[in-house]
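Remarks on the structure that follows.
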Amino acid sequence: MAVKKSFDQSAKPAKQNKKSRKVLIWTSGTFVVLLGLLVMFYAPQATIHYGVCKIYLELNEPYPEQIKYLALDDLGDSVRVIYRKIDPFGSVSVNIATCTFRVEDGVVTPYLTAVDVNGKNKTYEMEKKEHVEAFNKSVPTIEAYPPDLTIPYFPLDDISEYRNLYDE
C-alpha cells in the first residue's frame, strides 16, 4: 500500500482573522446583555379572565379609596384574586374573590357565571346573579380594550412583607 506524501490543502479550514473573531465576541456579548435585560424587565401577563374579574371587583366594591392586587391563582375555569382594599374611612381589609367563568363546548369564555367574595359565610351585594348578568353585557368592550393584565406580585412567603401590607 502506497502512502501519499502530499495532502490536499483545500480541505483544511481557513484561519479566522482576529477582526472577525472580535466582531463575533462583541455580537454575542451584546446579545447576552440584551437578553438579560429583557428577562430582568419582563412582567408576566395574565389572561383576559383576570382582567374581567379585576374590572368586576373595581366596579362593584363599595366605595374603594384604593385597591391593590396581591396575588392571582388561575384555576382554569375560575380565577382567585387576593386584594387589599382601603375604604374612605381608612379601614384596610384583605379579601379573596373567586370569579367563575362560563364553559361553552369545552372552552372557557370570559363571561362570568358567579363571583364569590371571602367564602360563603357572608353574602355580599356584588355576588347576586343579577349583577353578574348585567356585567356580562360589558365583556366584549373589556376584550376590545383590555386592562393592565400584569400578574400581581406580593411575596406571601416572606413574613416581613406583611408589615408593609397596611403601611402602603
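The values are calculated or read from the model by the stated rules, or taken from the named source; none is laboratory data. Keep in mind that what you see is a predicted model, and the values were worked out from it rather than measured. All Cβ positions, even for glycine, are placed from backbone atoms using ideal geometry, and neighbour counts span all protein chains on display.
Taking residues in the stretch 32-48 that are touching a residue at least 60 places away in the same chain (Cβ under 8 Å) and under 26 Å from Arg80 (Cα atoms), and partners anywhere that are among the β-branched types (Val, Ile, Thr) and surrounded by 10 or more Cβ atoms within 10 Å (Cβ to Cβ), the pairs with Cβ atoms closer than 6 Å and at least 6 places apart or on different chains are Ala43/Thr150; Pro44/Ile151; Ala46/Ile151.
Across the stretch 19-64, what is the total count of residues that are assigned to a loop (DSSP other than H, G, I, E, B), surrounded by 12 or more Cβ atoms within 10 Å (Cβ to Cβ) and more than 21 Å from the chain's Cα centre (by Cα)?
So the count comes out to 2.
State whether one or more residues within the stretch 72-82 are touching a residue at least 12 places away in the same chain (Cβ under 8 Å) and either loosely packed, with under 10 Cβ neighbours inside 10 Å or not assigned by TED's automatic domain parsing to the domain that holds Ser138 (or both). Within the stretch 72-82, one or more residues are touching a residue at least 12 places away in the same chain (Cβ under 8 Å) and either loosely packed, with under 10 Cβ neighbours inside 10 Å or not assigned by TED's automatic domain parsing to the domain that holds Ser138 (or both).
For the stretch 119-148, the set of residues classified as part of a loop (DSSP other than H, G, I, E, B) and among the acidic types (Asp, Glu) consists of Asp148 only.
Suppose the filter is in a helix (DSSP H, G or I) and at pLDDT 90 or above; does Tyr83 pass it? Judged against the criteria, Tyr83 is not a match. Among the conditions (1) within 17 Å of Ala46 (Cβ to Cβ); (2) acidic (Asp, Glu); (3) assigned to a strand (DSSP E or B), Asp116 misses just one, which is (1).
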